[in-house]
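Here is the structure we will look at, set down as structure tokens.
The values are calculated or read from the model by the stated rules, or taken from the named source; none is laboratory data. For clarity, every value in this text was computed on a predicted model and none was experimentally measured. Ideal geometry is used to build each Cβ from the backbone, glycine not excepted, and the neighbour counts take in all protein chains shown.
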Amino acid sequence: MRLPRALVLALSVSALLPGSVSASAPLTLVLTPSRDPTALQEAGDAFAKTLTRLSGVSIKTIVASDYAGVVEALRSRRVDLAFVHPVGYVLANREAGCHILVRDIWQGKTAYTARIYVLKAKGLTRLEDLRGRTIAFVDPASSSGYIYPMVLLMKRGLVTSRDPKSFFKDALFAGTHEAALRALLRGSVDAAASFDTALQIHLKGDPAAEQITHVAETPPIPEAGICARPGLDPAVRERLKAALLAIKKPEYAALLKQVYDIDGFIEASDRDYDPVREAMDLMGLTR
């Protein structure tokens, strides 16, 4: 008799809850949905296969419906491991007690920065020059496209009460990093917030990128990583960590590119994300 798919999933999830894990039950790794879910699931399955082979621990992957779903799945212990962005890890640690295992290496770096971009032709050279002008942020949950730039503006005493309109004439959320940069190029806004290599990635090959410069840059933001739920056997956690550290270029370059276009992983500590906690606290982001 064929069981309904929802029941099969429920039974699979219950097998992962504390006290019911069997020796053969695979651990579940949840992926943050940053692109097409079908393609990401395929990449995740290949990643899980490699991680299983290297660690000797059976792993399967699922793709969450959204960023909040990753944190909730960890909090309720429906999954064991997760790819998390910096803010997502801080929330997962606060709400679920999760442990960071490794941090991503992306484009050869383990941290990045946020910048506030302007057009060279406008002659703007300082943050203060943007008073009474307009800016395109990315998304309220974006580290480099909103949270870190806002904290920078607040620490400079330019933005008050966590309200960008206390300094700018108007502020909008473009939705994506590229959209924010395109709004700047069109002249729809006077400034745009994004990450340090946004021009090379989102305007690659576009000569218009030469028209853009930046007037401010934030302190480093730690890269995303993989965390584990509390209660996971420490010995298993260490085997997984060792295996993850072994998945790196050049041998696994194609696999890593398919997942999140990363280069590999490095050791990570909860302390690495203290700057993210500070930024979130200043923005009043407790959940």
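Data for the structure
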quantity	calculated
Test: Ile116 is modelled with pLDDT of 90 or more and either touching a His at 6+ places or on another chain (Cβ under 9 Å) or in the same structural domain as Ala209 (by TED's automatic domain parsing) (or both)	yes
Some residue of the range 185-194 being more than 20 Å from Thr134 (Cα to Cα), touching a helix residue (DSSP H, G or I) at 6+ places or on another chain (Cβ under 8 Å) and either in the same structural domain as Leu158 (by TED's automatic domain parsing) or in a loop (DSSP other than H, G, I, E, B) (or both)	no
Enumeration of residues in the range 45-65 that are under 15 Å from Leu232 (Cβ atoms), outside any helix (DSSP H, G or I) and aliphatic (A, V, I, L, M)	Val57, Ile59
Some residue of the range 152-170 being buried (at least 20 other Cβ atoms within 10 Å of the Cβ), at pLDDT below 95 and either in contact with a Cys (Cβ under 9 Å, 6 or more places away or on another chain) or in a helix (DSSP H, G or I) (or both)	no
Leading residue by the ranking (surrounded by the fewest Cβ atoms within 10 Å (Cβ to Cβ)) among those in the range 172-196 that are hydrophobic (A, V, I, L, M, F, W, C) and either in contact with an Asp or Glu (Cβ under 9 Å, 6 or more places away or on another chain) or on the phi > 0 side of the Ramachandran plot (or both)	Phe173
Among residues of the range 246-287, those that are part of a helix (DSSP H, G or I) and over 27 Å from Ala114 (Cα atoms), counted	3
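Residue-by-condition table, conditions (1) in the same structural domain as Tyr260 (by TED's automatic domain parsing); (2) not in a loop (DSSP other than H, G, I, E, B):
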site	(1), (2)
Glu72	yes, yes
Arg78	yes, no
Pro140	no, no
Ile147	no, yes
